[in-house]
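S.K.: There's a structure below that I have some questions on.
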Amino acid sequence: MKIYIDGKYYDQKNAKISVFDHGLLYGDGIFEGIRAYNGRVFKLAEHVERLFCSAKAILLTMPLTPEQVTRAVVDTCRTNKIRDGYIRLVVTRGAGTLGLNPYKCTHPAVIIIADKIQLYAKEVYERGLDVVTVATTRNLHSALNPAIKSLNYLNNIMAKIEAINAGCEEAIMLNGDGYVAECTADNIFIAKSGQLQTPPLAAGALHGITRGLVMELARQNGLAVSEPNLTRYDLFTADECFLTGTGAEIIAVVKIDGRVIGRGQPGPVTGKLVAQYHQLTQVSGEPI
Ligand code: PXG
């Protein structure tokens with residue numbers, strides 16, 4: 001595997017960054033998780049755009065233009081002969097001093113890893129996920145806005161630990177007001193009486209690229225899509241529930257906090273969206 005760091009390729013064992021990099025010392029940096037399918041990078045323009053928004057929000061001056069980032073991602077896939085895979089695009093603040101001051105870091109590092117994807121097991125897609133709501137609330141937007149895809153994922157990791165300790169693979173995170181925000185690496189949707197609902201971004205969620213596409217597909221299917229504040233009760237009493245994310249794609253949720261959702265198996269609204277999503281991944285994207 002060849003890893004891209006600042007315009008050069010390194011073998012895995014030589015792909016290293018400084019211990020003074022503020023990405024390591026403080027989680028000061030940003031990233032994107034991207035998928036390639038069938039020789040194309042899916043939704044690359046959207047990921048690059050979100051990366052630049054994250055950079056803007058944390059006052060990180062990108063060392064590359066969006067076009068250069070796009071080309072670097074595609075080149076890294078080509079160099080690694082990736083046709084189907086997972087791309088991790090990371091921009092750290094760069095090496096600095098031991099203090100927090102990011103202005104002492106003069107060279108942000110751009111890192112691109114293109115690897116195989118590890119998904120949920122096939123049975124989990126067929127059966128659906130069992131998830132729990134956890135006590136760790138999602139970061140407040142006034143503290144560290146969940147819209148920023150930053151390298152500081154401790155909030156999500158602590159929620160993930162709670163889920164794993166409860167015997168589940170994903171956690172539902174609430175915001176400071178007790179409304180549903182999102183999961184640790186996925187957005188959440190419910191279907192109820194033929195309508196699709198997902199928490200508003202202001203509830204504290206990443207502007208998920210899969211979320212956006214699923215909303216678009218659902219509208220094309222003639223479903224009404226809305227973004228109301230959702231409570232746990234709304235989830236418990238939904239006909240269907242599913243999660244969306246680049247890694248997980250679309251995965252049904254069949255149990256939440258011990259309550260069986262709908263019929264306890266992936267439902268028809270979810271199934272149709274999954275099929276449409278898979279179809280799109282095979283035919284669109286930036287050619288490698
Ligand atoms: N919320 C959070 C907190 C995320 O990290 C999503 C929602 C879904 O967004 P997209 O744009 O991917 O539809 C994410 C996704 C992985 C992985 O390996 C995924 C994410 C982060 C880290 C790992 O599946 N982000």
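S.K.: Amide H of Cys183 versus every other amide H placed in the peptide plane: which residues, excluding those fewer than 5 positions away on the same chain, fall under 5 Å?
M.R.: Met173, Ile188
S.K.: Once the other residues with Cβ under 13 Å from the Cβ of Gly285 are scored (Lys, Arg +1; Asp, Glu -1), what is the net sum?
M.R.: +1
S.K.: Per-residue HN-Hα couplings for the stretch 233-239, Karplus 6.51 cos²θ - 1.76 cosθ + 1.60 at θ = phi - 60°, whole Hz, x for Gly and Pro?
M.R.: With coefficients 6.51, -1.76 and 1.60, one gets 4, 4, 5, 4, 9, 6, 6 Hz.
S.K.: What does the charge count near Arg263 come to, summing +1 for each Lys or Arg and -1 for each Asp or Glu among other residues with Cβ under 12 Å from its Cβ?
M.R.: Local net charge: -1.
S.K.: Sticking with this structure for a sec: Ranked highest first by the average count of other Cβ atoms within 10 Å around their residues, in what order do 218-224, 229-235 fall?
M.R.: 229-235, 218-224
S.K.: What is the stretch 32-119 by shape, rounded, prolate or oblate, if you read a ≥ b ≥ c off the alpha carbon gyration tensor as root eigenvalues and call it rounded for a/c under 1.5, prolate for a/b larger than b/c, and oblate otherwise?
M.R.: Prolate is the answer for the stretch 32-119, as a/c is 1.5 or above and a/b outweighs b/c.
S.K.: In addition: Helix-derived [θ] at 222 nm for the chain: sum -39500 (n - 2.57) over DSSP H runs of at least 4, divide by residue count, nearest 500?
M.R.: For the chain, the value works out to -8500 deg cm²/dmol.
S.K.: If you don't mind, another one. Count the DSSP beta bridges whose two residues both fall in the stretch 122-281, then state the antiparallel fraction as a percent rounded to the nearest 5.
M.R.: Just about 70 percent of them are antiparallel.
S.K.: I need the calculated FRET efficiency for the pair Thr106 and Arg71, taking r as the beta carbon distance and R₀ as 22 Å, to the nearest 0.05.
M.R.: Numbers: r = 24 Å, r/R0 = 1.08.
About 0.40, to the nearest 0.05.
S.K.: What net charge do the residues around Pro228 carry, taking every other residue with its C-beta under 13 Å from that of Pro228, with Lys and Arg at +1 and Asp and Glu at -1? Walk me through the numbers before you get to the answer.
M.R.: Values: positive: Lys192; negative: Glu227, Asp234.
Neighbourhood net charge equals -1.
S.K.: I would also like to ask the following. What are the residues whose amide H is under 5 Å from the amide H of Lys192, where those residues sit 5 or more places off or on another chain and H is modelled from the backbone?
M.R.: Answer set, sorted by chain and number: Gln197, Asp239.
S.K.: Could you estimate the translational diffusion coefficient of the chain from the Stokes-Einstein equation, with Rh from the Kirkwood formula over C-alpha pairs, at 10 °C and 1.306 mPa s, in whole µm²/s?
M.R.: Numbers: Rh = 19.7 Å.
Estimated via Stokes-Einstein, D reaches 81 µm²/s.
A short reminder: the numbers here are calculations on the coordinates, not readings from a lab. Keep in mind it's a predicted model, so treat the numbers as computed, not measured. Cβ atoms come from the backbone with ideal geometry, glycine included; neighbour counts cover every protein chain shown.
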